[in-house]
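Structure first, then comments.
The values are calculated or read from the model by the stated rules, or taken from the named source; none is laboratory data. Source: prediction; values computed, not measured. For neighbour counting, all protein chains shown are included, and Cβ atoms are generated from backbone atoms with ideal geometry for every residue, glycine included.
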Amino acid sequence: MASRPFKVVILTSVPPQRVARIMTRICREAPEAQVVGILYAPFLPKTLQKRIATWRKKGKRLVYWRYVLHRITAAAGRNLSRLLDAGIRFIHAAPRWPNGKPGDALAALKAACAANQVELFISPDIHADPALDFVRGLNANLGLVFGTKILKPALFEIPKQGSINIHKRKVPDYRGGGAVGLWELLDDQKEIGVTVHRVEAKVDVGAVFRSALIPIEPFDDLESLALKADVLGSDLIVATIRDFANGTVTETPQIGPSKYFRKPPDEDLLQMKKKLAAQRKNEAYDNPSRRPAWELLLKSLVYAAPLTLRNWRRRWQGDFPVMILRHHLVSDRPHRSGVSTVYFLRQVNYLLRHYRVVSLSDAVELARKGGVKVPTVAITFDDGYADNFVNLRAVTEETGLPIGYFISTGHIASGREFAHDQMSNQQGFPPNTWEQIEFLRRCGYEIGSHTRGHSDCGSTDEEFLRREIGGSAEDIQHKLGPTAHFSFPFGLPQNISAPAAEIACASYKNVFSAYGGGNFQADARRILKRGDFPHSVWELELQLQSVLSGDVNEPSHLKVRIDERS
Ligand SMILES: [Zn+2]
């Protein structure tokens, strides 16, 4: 594309799906630049000879044998959970891959490159002559080093303006390797840094182009910090490339004393993780199961057989309900409606293994059309909390999860915290900004309305309801274009008056409650049902199977079917 003069080449060794992700982001978010090529040198597994040499060296240390034992028990645990998964799939009458069998990631990268007119060169040695020739031939302005071994100037100096690299810690204080956040957590730091800097022959010493800080919050661990650093790091890469392309880039040299850290061997890392877990035990996210384990176990055993029969019948008849779940915020600080980043990822991974996970629009279409032969779930978030911008996005980038995102537009505009938080004395949880909402929409989130001021629509004051329900549709229309979706704040029957239901259904194509239940085509309601996200995965499973749902007293205006006039 001749209209995009600023050319970028990516030099990388990370798994193909991560390469495809960063390439797609640059193509989507930096229209001033064009990724012209990718030099891909996948990390190769160690040879048997090298492995034997390692065993001989490490075998003298006791911690190494502890690590080996840990690996063996972890593998046994994985096999056990595979067995459990197979059992759950049988009860669900679900296929082996409800979201499609994961394909060949390298083939997918090749296809993505072809679609974006990006040349891909795969080389076992990143410094081999053909690899260097490939990069020279691209005539690129900038190189992006994205997860490789240490590179030589012969490669990273080929692009006209040199190369940039991402470093997921603060420089110059924390140069070098090791898991993201490891040294900072051990040092009891309050934050980690992410920087994009110039690649130099000496590791991590180059001038800094952009940087960001990630606070270390009570529920953070190595996994959550790595997820957040990934997503913020990609944000910084895109922003730096745009700076280069627009000629607005600034370089800040690193000054002050520096420290270089060496990546610890796996067996030492395990010991460090144990130490960290013990240190941070009091702060760990408490998986708040609302019911005792014995009750869940009893219910699971009693219902297993009838649920299996019911689900196989649903599969044959194609009448599985479409379940829609509601969360509020992914946060690593305590909040009564929050879930930690790592625990949310666990919930999502469970859902992806056992349910077909669809977008909100697809969920509505399936619920209306019927013929649902696979257990199906959609995930929504209410209110629009700022914490989601990094934490939720860290999980959706990692998993590709589609999100329906309902916002109270008055709060987004004013930045005012939610009244329900103030009432429960929960401070410091502001809403998203419009800029963030626009960004989330570009990432594929479906933005819906949740009134202007997070108002209780149990009111019968029609003027007030019109302002709140219709007004927020106008706000979204004005900022982002029209939206089809609306969810009632609080969402219980008492929070949805008859006039509120009328006004909402007149203003939006799809309207959602939040008092639980599934959406069946045979009983296609005008107002679609959603249920809360229980915190523990076990409760989530039982709720999705309708084992835990209690009786709800629905007034007649909530029972109106889509084809009826009320
Ligand atoms: Zn709400």
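Exactly one condition in (1) outside any loop (DSSP other than H, G, I, E, B); (2) within 13 Å of Arg326 (Cα to Cα) is false for Gln477; which is it?
Only one criterion is unmet by Gln477, namely (2).
Across the range 482-507, what is the total count of residues that are within 16 Å of the ligand (Cβ to nearest atom) and closer than 13 Å to Leu465 by Cβ?
Residues that pass the stated criteria total 7.
For the range 309-323, indicate whether the set of residues that are modelled with pLDDT of 95 or more and within 16 Å of the ligand (Cβ to nearest atom) is non-empty.
Checked against the condition, which is being modelled with pLDDT of 95 or more and within 16 Å of the ligand (Cβ to nearest atom), the range 309-323 yields no hits at all.
Can you confirm whether the range 461-469 contains a residue that is surrounded by 18 or more Cβ atoms within 10 Å (Cβ to Cβ) and within 25 Å of Asp362 (Cα to Cα)?
Taking every residue of the range 461-469 in turn, at least one turns out to be surrounded by 18 or more Cβ atoms within 10 Å (Cβ to Cβ) and within 25 Å of Asp362 (Cα to Cα).
Could you tell me how many of the residues in the range 231-290 are loosely packed, with under 12 Cβ neighbours inside 10 Å and of a type in the set (Asp, Glu)?
Going residue by residue through the range 231-290, those that are loosely packed, with under 12 Cβ neighbours inside 10 Å are 247-248, 250-251, 253, 255-257, 259, 262, 278, 281-282, 286, 290.
Going one step further and asking which of them are of a type in the set (Asp, Glu), we end up with 251, 286.
Summing the residues that are loosely packed, with under 12 Cβ neighbours inside 10 Å and of a type in the set (Asp, Glu) in the range 231-290 gives 2.
Just wondering, is there one or more residues in the range 442-460 that are touching a helix residue (DSSP H, G or I) at 6+ places or on another chain (Cβ under 9 Å), of a type in the set (Phe, Trp, Tyr) and modelled with pLDDT of 95 or more? Full working, then the answer.
Our first condition is that a residue be touching a helix residue (DSSP H, G or I) at 6+ places or on another chain (Cβ under 9 Å); within the range 442-460, this holds for 442-460.
From what is left, the residues that are of a type in the set (Phe, Trp, Tyr) are 445.
Then keep just the ones that are modelled with pLDDT of 95 or more; that gives 445.
Checked the range 442-460: at least one residue is touching a helix residue (DSSP H, G or I) at 6+ places or on another chain (Cβ under 9 Å), of a type in the set (Phe, Trp, Tyr) and modelled with pLDDT of 95 or more.
Got a sec? Which of Ser337, Ser331, Ser300 is closer than 30 Å to His454 by Cα, modelled with pLDDT under 95 and of a type outside the set (Asp, Glu)?
Values: Ser331 fails: modelled with pLDDT under 95; Ser300 fails: closer than 30 Å to His454 by Cα.
Unique residue meeting the criteria: Ser337.
Taking into account only those residues within the range 355-373 that are surrounded by fewer than 20 Cβ atoms within 10 Å (Cβ to Cβ) and touching a residue at least 12 places away in the same chain (Cβ under 8 Å), which is farthest from Phe90 (Cα to Cα)?
Residues of the range 355-373 surrounded by fewer than 20 Cβ atoms within 10 Å (Cβ to Cβ): 359, 361-362, 365, 368-371, 373.
Keeping just the survivors that are touching a residue at least 12 places away in the same chain (Cβ under 8 Å) gives 359, 361-362, 368-371, 373.
Details: Ser359: 25, Ser361: 28, Asp362: 25, Arg368: 26, Lys369: 25, Gly370: 22, Gly371: 20, Lys373: 14 Å.
Looking at the filtered set, the residue picked out is Ser361.
Considering every residue within the range 514-534, establish whether at least one is surrounded by fewer than 18 Cβ atoms within 10 Å (Cβ to Cβ), farther than 27 Å from Gly371 by Cα and of a type in the set (A, V, I, L, M, F, W, C).
no
Please go through the range 439-473 and give me each residue that is in a helix (DSSP H, G or I) and within 21 Å of Asp421 (Cβ to Cβ), ordered by number.
Going through the range 439-473, the residues in a helix (DSSP H, G or I) turn out to be 439-442, 462-473.
Across the range 439-473, the qualifying residues are Leu440, Glu468, Ser472.
Please verify whether the range 222-243 includes one or more residues that are among the polar types (S, T, N, Q) and either without any contact (Cβ under 8 Å) to a residue 60 or more places away in the chain or part of a strand (DSSP E or B) (or both).
Here is the first cut: in the range 222-243, the residues among the polar types (S, T, N, Q) are 224, 234, 240.
Filter once more, so that each one left must be either without any contact (Cβ under 8 Å) to a residue 60 or more places away in the chain or part of a strand (DSSP E or B) (or both): none.
For the range 222-243, residues among the polar types (S, T, N, Q) and either without any contact (Cβ under 8 Å) to a residue 60 or more places away in the chain or part of a strand (DSSP E or B) (or both): absent.
Where in the range 139-199 are there strands (runs of 3 or more DSSP E), lying wholly inside it, with at least 1 residues that are without any contact (Cβ under 8 Å) to a residue 12 or more places away in the chain and surrounded by 22 or more Cβ atoms within 10 Å (Cβ to Cβ)?
Details: elements: 142-146, 163-167, 191-198.
Fully inside the range 139-199 and qualifying: nothing.
State the number of residues belonging to the range 403-432 that are farther than 27 Å from Val358 by Cβ and not in a helix (DSSP H, G or I).
In the first step, residues of the range 403-432 are kept if they are farther than 27 Å from Val358 by Cβ; the result is 410-411, 413-430.
Cutting the leftovers down to not in a helix (DSSP H, G or I) gives us 415-418, 424-430.
The number of residues fulfilling the criteria is 11.
So which pairs qualify, if the first residue must be in the range 387-415 and within 16 Å of the ligand (Cβ to nearest atom), the second must be acidic (Asp, Glu) and in a strand (DSSP E or B), the Cβ gap must be under 9 Å, and the two must be at least 6 apart or on different chains?
Correct list of pairs: Ile403/Glu446; Gly404/Glu446; Tyr405/Glu446.
If we keep just the residues of the range 416-444 that are more than 22 Å from the chain's Cα centre (by Cα) and more than 16 Å from the ligand (Cβ to nearest atom), which is nearest to Asp230 (Cα to Cα)?
First pass over the range 416-444, keeping only residues more than 22 Å from the chain's Cα centre (by Cα): 416-428.
Pick out the ones that are also more than 16 Å from the ligand (Cβ to nearest atom) and you get 425, 427-428.
On the way: Asn425: 33, Gln427: 28, Gly428: 25 Å.
Looking at the filtered set, the residue picked out is Gly428.
Taking Lys263 as the residue in question, decide whether it is in contact (Cβ under 8 Å) with a residue 12 or more places away in the chain and in a loop (DSSP other than H, G, I, E, B). Reasoning before the result, please.
On the way: in contact (Cβ under 8 Å) with a residue 12 or more places away in the chain: yes; in a loop (DSSP other than H, G, I, E, B): yes.
Spelling it out, Lys263 is indeed in contact (Cβ under 8 Å) with a residue 12 or more places away in the chain and in a loop (DSSP other than H, G, I, E, B).
What number goes with the only condition from (1) surrounded by fewer than 16 Cβ atoms within 10 Å (Cβ to Cβ); (2) among the polar types (S, T, N, Q); (3) without any contact (Cβ under 8 Å) to a residue 60 or more places away in the chain that Ser211 does not pass?
Answer for Ser211: the failing condition is (1).
Could you say whether any residue in the range 364-376 is within 16 Å of the ligand (Cβ to nearest atom) and either touching a Pro at 6+ places or on another chain (Cβ under 7 Å) or modelled with pLDDT of 95 or more (or both)? If you could, list the steps in order and put the result at the bottom.
Initial filter on the range 364-376 (within 16 Å of the ligand (Cβ to nearest atom)): none.
Checked against the condition, which is being within 16 Å of the ligand (Cβ to nearest atom) and either touching a Pro at 6+ places or on another chain (Cβ under 7 Å) or modelled with pLDDT of 95 or more (or both), the range 364-376 yields no hits at all.
Within the range 279-321, track down each residue that is among the aliphatic types (A, V, I, L, M) and out of contact with any Pro (no Cβ under 9 Å at 6 or more places or on another chain).
Applying the first criterion (among the aliphatic types (A, V, I, L, M)) to the range 279-321 yields 284, 293, 296-298, 301-302, 304-305, 307, 309.
Ala293, Leu296, Leu297, Leu298, Leu301, Val302, Ala304, Ala305, Leu307, Leu309, listed by residue number.
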